[in-house]
Amino acid sequence: MESVWLSTTRSAVPRRGFLALLLLSLLLCTTFLSTEAYDALDPTGNITIKWDVISWTPDGYMAVVTMYNFQQYRHIEAPGWILGWTWAKKEVIWNVMGGQTTEQGDCSRFKGNIPHCCKKDPTVVDLLPGSPYNQQIANCCTGGVLTSWAQDPEHAISSFQLIVGSAGTTNKTVKLPRNFTLKAPGPGYTCGPAKIVKPTRFITKDKRRSTQALMTWNVTCTYSQFLAQKTPTCCVSLSSFYNSTIVNCPTCTCGCQNKTEPSSCVDPNSPHLASVVSPPGKSINTPLVRCTNHMCPIRVHWHVKLQYKEYWRIKITITNFNYVVNYSQWNLVVQHPNFDNVTQVFSFNYKPLTPYVGLNDTGMLWGVKFYNDLLTSAGPFGNVQSELLFRKDKSTFTFDKGWAFPRRIYFNGDNCVMPPPDAYPWLPNANSKLVFSLLSTVFGTLACVVVVEDDEYSKVSVHENG
């Protein structure tokens, strides 16, 4: 009996170890999946969809659905958002204002009045600007375009109104829709379940009376760059006044040139450039980039330009290599420890981002309205640039070991690929401060020459074969 008990115990030990390892693996997988959409620079950023039941109808209710883009620097570009869900019962949409469903569905069971949409899983899009006034409501009709919350909170809101039939007519009989989806306009967002919250309060224009919704539920959607696209969309190149080395974007950052398929990119020297860029029937959202070593639609160049006794200066250039896309209301997010001492920003708007108390190392930059808020498609004007002046903090400032270069850069909310740290421009090997001072003067004078690209399509970028 003792030998049997010992053998059973010994066999149980590895089994317990295996079960513990399995549980740990499942826990880790769950953790990674739940944090897939987490953004360290905007930890609370999300799109919140608020569904307010305003009044009851004979067979359902009227509701106003409002979408709030609470993301600090990620916006929704044209052709705009697409919102979908699945009804819990056999609900139909009698009417929509400020938006429209993309399909009507099968409404053959109705005689006389035909609903706007009978689909079990409807999808709604925003109306275009210039739609008839009798079809509009407040915060509608921008073509589904939403700005980021930090840039323009007034235009980070979108609404439409629904009249829902074949639904409950009380708080207890209404069933919440399920399986919410949000495309902006492609994939990338994951939406949680609808949750009943405290009814929304509305204040009249004269601010002397308030009303409230009969029922309210919220849906929260978060973004994941991995779900949006499998490859990066931008990269970073570096240069400095104290080193002649120009660090280009890593090769094949956003893909590699397909020599067997010439249409994978566009040669800027092609005599038939116009016909290649604008072929008939080509979707405007299909990337058509210039042939480069990195194959990214967007490149951000960071040049350490000059240093003074108390200050130092950098130049940022954003170049668009996409021949079919203009980036309106673009933005750039940069993480660098010296943003707590930024003195002046030239020709860009600037706002510090401080998601964590006591830490001010992240800044958001975007274009000045009607001046450089539109980054046009690839070509002689397909770039924007600015310079930033920082005050030196004697306790931390150094040009050594790549400290002067950014830790992280986002363009329109997507993380740009940085060069490897061991490739950064380093300080020259000189023991004498006098030598470094002379180098600073010489390279500072030649700063403009260093950042000029040999490509005739861009005068403000870097020397690069792509």
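The values are calculated or read from the model by the stated rules, or taken from the named source; none is laboratory data. Worth saying up front: this structure is predicted, and the values here are computed from it rather than measured. Counting neighbours? That spans all protein chains shown, and the Cβs are built from the backbone with ideal geometry, glycine included. These accessible areas exclude ligands, DNA and RNA; they are computed on the full protein's heavy atoms, side chains included. Shrake-Rupley method; radii C 1.70, N 1.55, O 1.52, S 1.80 Å.
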Revision key, fill the gap. For 382-395, 63-76, ranked highest to lowest by mean beta-carbon neighbours within 10 Å, the order is 63-76, 382-395
Exercise for review: Sort the following peptides by mean Cβ neighbour count (other Cβ atoms within 10 Å, averaged over residues), highest first: 163-169, 420-426.
Suggested key: 163-169, 420-426
**Study point:** Spread of Cα-to-Cα distances over 5 Å intervals beginning at zero, given as percent, for the range 154-257
**Key:** 2, 8, 10, 14, 13, 11, 9, 7, 6, 6, 5, 5, 3, 1, 0
Check your understanding: Points 7 angstrom from Cα along the Cβ direction at residue 103 and residue 391: gap in nanometres?
Key -> 6.1 nm
Review point. What order do you get for 210-219, 142-151 when each peptide is scored by the mean count of other beta carbon atoms within 10 Å, highest first?
Key: 142-151, 210-219
Check your understanding: Which three lengths, in whole Å and largest first, does the range 45-145 cover when its Cα atoms are put on their principal axes?
Key -> 47, 29, 24
**Study point:** Semi-axis lengths (Å, descending) of the ellipsoid that matches the C-alpha gyration tensor of the range 168-214
**Key:** 29, 19, 8
Review point. Which FRET efficiency value, to the nearest 0.05, do you get for residue 95 and residue 211 by plugging their Cβ-Cβ distance into 1/(1 + (r/R0)^6) with R0 = 30 Å?
Key: 0.90
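Please give the FRET efficiency for residue 86 paired with residue 415, using the beta carbon to beta carbon distance and R0 = 51 Å, rounded to the nearest 0.05.
Details: r = 32 Å, r/R0 = 0.63.
For residue 86 and residue 415, the calculated efficiency is 0.95.
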Exercise for review: Mind checking the full-extension length gain between residue 135 and residue 111? Use 0.36 nm per residue of separation minus the Cα-Cα distance, one decimal, nm.
Suggested key: 6.2 nm
Point to revise | Spin-label model distance (nm) - residue 258 vs residue 400, 7 Å beyond Cα toward Cβ | key: 4.9 nm
Point to revise | Label-point gap, in nm, between residue 70 and residue 57 - each point 7 angstrom along Cα→Cβ | key: 3.0 nm
Revision key, fill the gap. The range 99-115 scanned against label point 7 Å out from residue 128 along Cα→C-beta; backbone N under 19 Å for 99-104
Revision key, fill the gap. Once 77, 154, 103 are ranked on solvent-accessible area with the largest value leading and a 1.4 Å probe, the list reads 154, 103, 77
Review point. Using the Kirkwood formula over every pair of different C-alpha atoms, what hydrodynamic radius in Å results for the range 333-379?
Key: 12.0 Å
Exercise for review: Can you send over the solvent-accessible area of residue 270, 1.4 Å probe, protein chains only, in Å² to the nearest 10?
Suggested key: 30 Å²
